[in-house]
Amino acid sequence: MKICMVVEGCYPYVVGGVSSWVHGLIQMFPEYKFVLLTIIANRSMSGKFVYELPPNVEEVHELYLDDDEWGRKHHERMNRKEYRALRSLILNQKTDWETLFHWFQKSRVSLNGLLMGEDFFQAVMDYYQLNYSQVVFSDFLWMMRSIYLPMFLTMKMKLPKADLYHCVCTGYAGIIGSMAKCLYGSRLLISEHGIYTREREEELVRAKWVEGIYKNIWIDQFRKMSRLAYESADLVTSLYGYARGIQLELGCPMEKTMVVSNGISVEKLQDIPGKQEEDEGKVHVGAIVRVAPIKDIKTMIQAFCFAKEQKPELKLWIMGPWEDEKEYARECFELVDLMGTSDIVFTDKVDVREYLGRMDMIILTSISEGQPLAILESFAAHKPVIATNVGNCEGLILGDMDDFGPAGIVTHIMNVEEITQAILRLADDEALRIEMGERGYRRVAAGYRIEKMQDTYRNIYGDFVASLEQKTEEE
């Protein structure tokens, strides 16, 4: 079986939890051939991999969402059926996606001709007059072009053929998977780590580059893409029960859903190096995290600095890459200087097994997460965790599938005072740290082993293989 893994904005260009998951999953199944279809911002990222691809990855195809190559200025106009499909898409009505997929795959379709042409103009005008006639139309038209360009680029992409398309989110990846199923009769599996639509909504609410009604239009765009993916998918997995509930709220049929938790190799984090001579008298706080805005490193730094004023022996280790977000990293470095606090170390990318044993606690201050591998790794190393209440962090720390008890402290996002107090509480109580670390270890050992996740996906892939064999026999 050939599997096309469709990923957006992560593997193999960026180190992180989702990228590690994808890399590990491909390595788990050497018996299958994989094709990577990666969705990235623009051509400047092309081929800049930070992972060595496993030998069973046969091809890599790239889609650029912020591409300026729109094609020829002239193209064939849409017929009536094709125009109705385009108009229904723009008006947020029930959409004939099959007609759109086939039209965009025509060789003579020009995105420049479409976006600057009569068909798109008239459909946007109808949407404008029905909903947004109070704003300036020229601004509205250009915003709609910017909203639909990445979707149209996605639908125009020539897809590699595979038996199964495994999308690691909905959104543009979901369009790819849905289009492949329509064009090739392939099967479609979606595995969401975070809920794509909700994550985009959160980003848009905070965004400064888009204002007013345009935030709502962008949000509607992501919702319609997720609905398409859920309708097309044969199976949709989530990492925990609450996320599955959100998928259902967004329109995913219940019978298609399945919870498959993350898993790690617990054994790999046993017998790791412990405290060193230079650690004597220090209380180490570790953060296994990319230096990126979504991880809210600035709140972490501020909370640590305030805690260190009361507990001078504290030391913070931020263990993760910062090259991908250089501007944000620079702001974090400047904040450290401004706060005037010593004992904050940015290690860049490291092997966490060389550092985890030295830590007294792990901290995660993200404003968005799924089911963080960093928490599971910390538990495997017997370390308590302080984390913000996002994604499944609360479930992992407090336990939503067992009665082992709290394995750390949960705080609200961007709450410097709460996070400061959580650091101080654990720093002042070694016995509590040890007890919580042991609870976390029991939790990860009981419910989040890599072997369990591997068995589940082996069964999922096996079911798809069986269905393909049956289909071949019937034909």
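General observations
- Expected 222 nm ellipticity per residue - DSSP helices of 4 or more, -39500 (n - 2.57), all of the chain, to 500: -14500 deg cm²/dmol
- Counting only protein heavy atoms and a probe of 1.4 Å, the accessible surface of region 424-475 is 45% carbon and sulfur.
- Candidate residues Met179, Met339, Met254: accessible-area rank, largest first, probe 1.4 Å: Met254, Met339, Met179
- Filtered GluC sites (Glu not before Pro), region 163-249: DSSP coil and at most 16 other beta carbons within 10 Å: Glu211
- Model label zone, Glu430; criterion: amide N under 14 Å from point 7 Å along Cα-to-beta-carbon; scope region 376-404: none
- Dipole magnitude for the chain: about 1640 debye, using +1 per Lys or Arg Cβ and -1 per Asp or Glu Cβ, origin at the Cα centre.
- Mean separation of Cα contacts under 8 Å, 6 or more apart, over the residue count of region 218-296: relative contact order %: 25 percent
- Filtered GluC sites (Glu not before Pro), region 280-315: DSSP coil and at most 14 other beta carbons within 10 Å: Glu280, Glu313
- Probe 1.4 Å, protein heavy atoms only - accessible area per residue of region 89-216 in square angstrom: 39 Å²
- Relative contact order (%) - region 301-454, alpha-carbon pairs under 8 angstrom, separation at least six: 23 percent
- Cα centroids of region 352-388 and region 297-316: 17 Å apart.
- Net charge of neighbours whose Cβ lies under 12 Å from the Cβ of Leu398, counting Lys and Arg as +1 and Asp and Glu as -1: -2
- Note on region 124-225: with charges restricted to the Cβ of Lys and Arg (+1) and Asp and Glu (-1), its dipole about the Cα centre is near 360 debye.
- Estimated distance in nm for a label pair at Lys81 and Gln129, the labels positioned 7 Å out from Cα along Cα-to-Cβ: 2.7 nm
- Per residue solvent-accessible surface (Å²) - region 296-339, probe of 1.4 Å: 46 Å²
- Think of region 174-242 as having a plus end and a minus end, set by charges on the Cβ of Lys, Arg, Asp and Glu; of Ala180, Val210, Leu235, Ala180 sits farthest toward the positive end of this dipole.
- The chain: radius of gyration and largest Cα-Cα distance (Dmax), Å: 24.0, 77
- Sequence-distant contacts, meaning Cα pairs under 8 Å at least 6 residues apart, place the relative contact order of region 246-342 at 30 percent.
- Rounded Å value of the spacing that divides the Cα centres of region 414-475 and region 1-58: 21 Å
- Phi angles across region 331-344 convert, under the Karplus curve 6.51 cos²θ - 1.76 cosθ + 1.60 with θ = phi - 60°, into 3J(HN,Hα) values of 5, 5, 4, 5, 5, 4, 5, 5, 6, x, 9, 8, 6, 10 Hz, Gly and Pro given as x.
- Order of exposure, largest accessible area first, which applies to Ile363, Ile344 with probe 1.4 Å: Ile344, Ile363
- Of Phe29, Phe222, the residue with the largest accessible area leads and the full order is Phe222, Phe29 (1.4 Å probe).
- Region 233-276, dipole about Cα centre (Lys/Arg Cβ +1, Asp/Glu Cβ -1), debye to the nearest 20: 160 debye
- Charge dipole of the chain about the Cα centre (unit charges at C-beta), most positive-ward option of Asn389, Thr365, Ile90: Ile90
- Degrees between helix 171-184 axis and first principal axis of the chain (Cα, 0 to 90, nearest 10): 50 degrees
- Here the label points at Glu438 and Leu183, each 7 Å from Cα along the C-beta direction, are separated by 5.8 nm in the simple model.
- P(r) for region 190-265, from all Cα pairs and a bin width of 10 Å, is 19, 45, 26, 10, 1 %, short bins first.
- Across region 5-96, Cα-Cα distances exceeding 16 Å account for 65% of all pairs.
- DSSP-assigned coil residues among trypsin sites (Lys or Arg not before Pro) in region 191-291, each with at most 11 further Cβ atoms within 10 Å: Lys208
- Estimated FRET transfer efficiency when R0 is 45 angstrom, pair Asn42-Glu277 (beta carbons, to 0.05): 0.40
The values are calculated or read from the model by the stated rules, or taken from the named source; none is laboratory data. Here the structure is a predicted model, which means the values were calculated and not measured. Every residue, glycine as well, gets a Cβ built from its backbone with ideal geometry; the counts of neighbours run over all protein chains shown. Remember, those area values only see protein heavy atoms, side chains included, never the ligands or the DNA or RNA. Shrake-Rupley method; radii C 1.70, N 1.55, O 1.52, S 1.80 Å.
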